1. So Thr269 fits all but one of (1) part of a strand (DSSP E or B); (2) farther than 20 Å from His111 by Cα; (3) among the β-branched types (Val, Ile, Thr); what number is the exception?
2. Among Val132, Val140, which is the only one that is β-branched (Val, Ile, Thr), within 20 Å of Leu69 (Cβ to Cβ), at pLDDT 95 or above and touching a helix residue (DSSP H, G or I) at 6+ places or on another chain (Cβ under 9 Å)?
3. Quick one: what pairs do we get from the range 129-147, first residue in contact (Cβ under 8 Å) with a residue 24 or more places away in the chain, second among the small types (Gly, Ala, Ser) and buried (at least 22 other Cβ atoms within 10 Å of the Cβ), C-beta under 7 Å, 6+ apart or different chains?
4. Within the range 39-57, identify whether any single residue is at pLDDT below 95 and either within 18 Å of the chain's Cα centre (by Cα) or not in a loop (DSSP other than H, G, I, E, B) (or both), and answer yes or no.
5. When only residues in the range 151-187 that are at pLDDT 85 or above and aromatic (Phe, Trp, Tyr) count, which is surrounded by the most Cβ atoms within 10 Å (Cβ to Cβ)?
6. Are any of the residues in the range 76-88 in a loop (DSSP other than H, G, I, E, B) and either open to solvent by 10 Å² or more (accessible area, probe 1.4 Å) or of a type in the set (A, V, I, L, M) (or both)?
7. What pairs can you find where one residue is in the range 217-240 and on the phi > 0 side of the Ramachandran plot, the other is hydroxyl-bearing (Ser, Thr, Tyr), and their Cβ atoms are less than 9 Å apart, with a gap of 6+ or different chains?
8. Of (1) over 20 Å from Lys291 (Cα atoms); (2) without any contact (Cβ under 8 Å) to a residue 60 or more places away in the chain; (3) open to solvent by less than 60 Å² (accessible area, probe 1.4 Å), Trp210 satisfies all except one. Which?
Amino acid sequence: MFDKVPFLAVGILAACTTSATPPLPDPAAAQHAWAQSCEDFDEWDKPGPPYRIYGETYYVGTCGISAILVADPKGHTLIDTGTDKGAQIVLKNIRQLGFEPEDVTTILMSHEHFDHIGGIARMQAATGAAIVTTNAASQVLSSGVPGDGDPQAGSGHPPFPPVTVPIDIIDPEMAETSKAWRFTPIFTPGHTPGALSWRWQECEGGDCKWIVYADSMNPISSDDYRFSDHPAYLAAFRQGIADLAASECDIVLAPHPGSAKLRDRLLGTAGLVDANGCRAYAENVTARLDKRLAEEAAK
């Protein structure tokens, strides 16, 4: 059912050039407007104004769930869609910035839960974009429900509209042979088996920054799941954390904006850039995972 192709090709699917970047209001003012409209860990489907993050990377998600648009004349890339309802807000935000949804040629994702990709079928239908993800995540996209290997399987996640088009699969071996593609996947399973983080570079003039969209990586689960009972999965979880910490990273973003302290950074004097952001994010995940394992050992 799924096409396993070098995903470098997926990033250049557009046969024609998309529209030029539209004129936008002052980025700092737009960022501040979002921070004033939204709260930390806000409602998932609460609308928030879109804004430019850096270069041609834009926040088009809701107040509570991130969605990131990376504009490119060869075809735009969208990372995450929000819920099925949230995807309608994301489409509106894309248009509000002056872009056209049909110019989105690639959809990437963080992890396979309904709050982040529940609207992926709606988004794919609106854009015609190719969907790129891991094999584990692709199975969930095609069924609309979490897989058996998901620590939160059986914990009440509602189903979402499944994807009915072919999905392009990536794996670590293919990632190693696709260095030229703009987006570098960081395989970060743990919160879910198919979770991914993404890194790409943006420039403003001669000032270039590495942006990392770091997966949630939260070690939570259904009541009967123990991470310590799955040593191979736990090892992959820790490897993903280490890879994230070691990544080139100037601006860290996350599927839940509050997890990366996005609002505080937008309102603060330091701004979005923090060369220690990914390491701090990884250290926080490690602390939560160690706490969870200690709780399991104490039972």
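The values are calculated or read from the model by the stated rules, or taken from the named source; none is laboratory data. This is a predicted model, so every value here is computed, not measured. Methodologically, a virtual Cβ is constructed for each residue, glycine included, from the backbone with ideal geometry; neighbour enumeration extends over all protein chains shown. Ligands, DNA and RNA are stripped out before the accessible areas are found, and what is left, the full protein with its side chains, is counted by its heavy atoms. Shrake-Rupley method; radii C 1.70, N 1.55, O 1.52, S 1.80 Å.
1. For Thr269, the exception is condition (1).
2. The conditions single out Val132.
3. From residues that are in contact (Cβ under 8 Å) with a residue 24 or more places away in the chain, the pairs are Thr133/Gly194; Thr134/Gly194; Ala136/Gly194; Ala137/Gly194; Val140/Gly194.
4. Looking through the range 39-57, at least one residue is at pLDDT below 95 and either within 18 Å of the chain's Cα centre (by Cα) or not in a loop (DSSP other than H, G, I, E, B) (or both).
5. Phe160
6. The answer is yes; a qualifying residue exists.
7. From the range 217-240, the pairs are Met217/Thr188; Met217/Ser197; Met217/Ser259; Met217/Tyr281.
8. Looking at each condition in turn, Trp210 falls short on (3).
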